[in-house]
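Trainee: Dumping the structure here so I can ask a few things about it.
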Amino acid sequence: MRSGGERRAARRRTAGAPDGQAGGNAWEGRRVRMKVEITGVDTSTLPVLSNKEMRALFEAMHRGDPTAREKLIHGNLRLVLSVIQRFNNRGENVDDLFQVGCIGLMKAIDHFDLSQNVRFSTYAVPMIVGEIRRYLRDNTPIRVSRSLRDIAYKALTVRDRLTAQRGEEPTIEEISAELGVPREEVVFALEAIQEPVSLFEPIYQDGGDPIYVMDQVKDEKVREAFWDDEVAIRRALDDLGPREQLIVAKRFFEGKTQMEVAEEIGISQAQVSRLEKAALRQMQRHVKPGE
């Protein structure tokens with residue numbers, strides 16, 4: 001768990017960020033309208049920084065401007081608010097998650113490299129998520145052996161360091177090589193400290209049907225579990241278009257995930273999800289439960 005000093009430091013920085021002296025009207029003019037009150041921060045007045053403003057503040061911070069870092073923190077609190085929504089169903093105190101997320105944000109600001117030509121949000125979100133997951137992991141009621149926890153902590157430390165250096169997360173193989181630990185042990189250790197996730201937890205939504213965790217899970221027995229009448233299935237498939245037939249075949253006969261299907265046929269995962277659901281609705285006219 002993070003120390004009380006770090007949490008208090010995050011609270012002071014988020015609640016006490018200056019209104020902005022170098023940012024001018026651009027700083028004061030852009031606001032996020034949210035009806036949320038977290039840790040003494042009025043989120044309805046949080047500023048939104050443009051890419052140009054962000055770059056200027058990072059350059060000022062690197063030149064030693066004492067106010068630039070505070071403005072970057074205050075101007076990116078929306079990222080923290082967005083990330084903690086993913087953890088709302090964990091039963092954790094939202095204020096605590098916000099404070100921990102702010103620590104991750106500050107780390108991202110301190111390590112961000114402008115020369116990498118990566119959007120700050122792309123770099124910061126994984127670090128914020130990682131900080132919150134570490135907090136949840138340290139407070140989990142599930143007991144993991146000391147040796148596994150040691151390997152997992154070392155792997156996460158290496159991952160964070162390489163991410164800060166490169167601007168992208170390293171592979172398991174790279175982490176394994178850095179630690180001198182077999183890949184299988186690294187994977188097992190990291191899986192051992194993961195928080196349980198509901199199969200019905202949404203992981204993506206673009207205004208249409210959401211994509212759930214269960215859509216990413218490969219089921220080797222899906223054909224036997226869900227389809228009993230081969231003849232009815234074939235008739236239903238014949239009524240589908242070629243692309244829908246391909247998606248259904250790969251998803252329910254080959255057991256592939258939506259992401260795998262999307263990569264194979266060259267469309268987005270969201271499109272695969274929509275086409276799959278439309279195809280299944282059409283097939284239900286031919287395949288009825290209990291027939």
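Trainee: Based on what the data block shows, is Leu199 at pLDDT 85 or above and not acidic (Asp, Glu)?
Mentor: So Leu199 fails the test.
Trainee: Could you please let me know if Glu168 is over 27 Å from Asp113 (Cβ atoms) and not assigned by TED's automatic domain parsing to the domain that holds Asp95?
Mentor: Details: over 27 Å from Asp113 (Cβ atoms): no; not assigned by TED's automatic domain parsing to the domain that holds Asp95: yes.
No.
Trainee: Need a quick list: helices (runs of 4 or more DSSP H) entirely within region 106-179 having at least 1 residues that are free of Cβ contacts under 8 Å to residues at least 60 places away in the same chain, under 30 Å from Asp65 (Cβ atoms) and not small (Gly, Ala, Ser). Before you say what the answer is, go through the steps one by one.
Mentor: Values: elements: 120-138, 146-166, 172-179.
Filter on region 106-179 gives 120-138, 146-166.
Trainee: Could you tell me whether Arg133 is buried (at least 16 other Cβ atoms within 10 Å of the Cβ) and not assigned by TED's automatic domain parsing to the domain that holds Arg55? Explain how you work it out, then say what you get.
Mentor: Details: buried (at least 16 other Cβ atoms within 10 Å of the Cβ): yes; not assigned by TED's automatic domain parsing to the domain that holds Arg55: no.
The answer is no for Arg133.
Trainee: Sticking with this one: Out of all the residues in region 56-105, which are free of Cβ contacts under 8 Å to residues at least 12 places away in the same chain, of a type outside the set (S, T, N, Q) and within 19 Å of Val125 (Cα to Cα)?
Mentor: Matches in region 56-105: none.
Trainee: Could you grab me the full set of residues in region 248-260 that are outside any helix (DSSP H, G or I), of a type outside the set (Lys, Arg) and either free of Cβ contacts under 8 Å to residues at least 40 places away in the same chain or closer than 20 Å to Gln282 by Cβ (or both)?
Mentor: Scanning region 248-260 gives Glu254, Gly255.
Trainee: If I go through region 40-69 residue by residue, how many of them are among the polar types (S, T, N, Q) and either crowded, with 16+ Cβ neighbours inside 10 Å or modelled with pLDDT of 90 or more (or both)?
Mentor: Taking region 40-69 and keeping what is among the polar types (S, T, N, Q), we get 43-45, 50-51, 67.
Subsequent filtering for residues that are either crowded, with 16+ Cβ neighbours inside 10 Å or modelled with pLDDT of 90 or more (or both) retains 43, 67.
Total satisfying the criteria: 2.
Trainee: Condition first: free of Cβ contacts under 8 Å to residues at least 24 places away in the same chain and either of a type in the set (Gly, Ala, Ser) or in a helix (DSSP H, G or I) (or both). Now tell me which residues in region 261-285 satisfy that.
Mentor: If the condition is that a residue be free of Cβ contacts under 8 Å to residues at least 24 places away in the same chain and either of a type in the set (Gly, Ala, Ser) or in a helix (DSSP H, G or I) (or both), then Val261, Ala262, Glu263, Glu264, Ile265, Gly266, Ser268, Gln271, Arg281 are the ones that fit.
The values are calculated or read from the model by the stated rules, or taken from the named source; none is laboratory data. Predicted model, so just to flag it, every value in this text is computed and none were measured. Cβ: placed from backbone, ideal geometry, glycine included. Neighbour counts: every protein chain shown.
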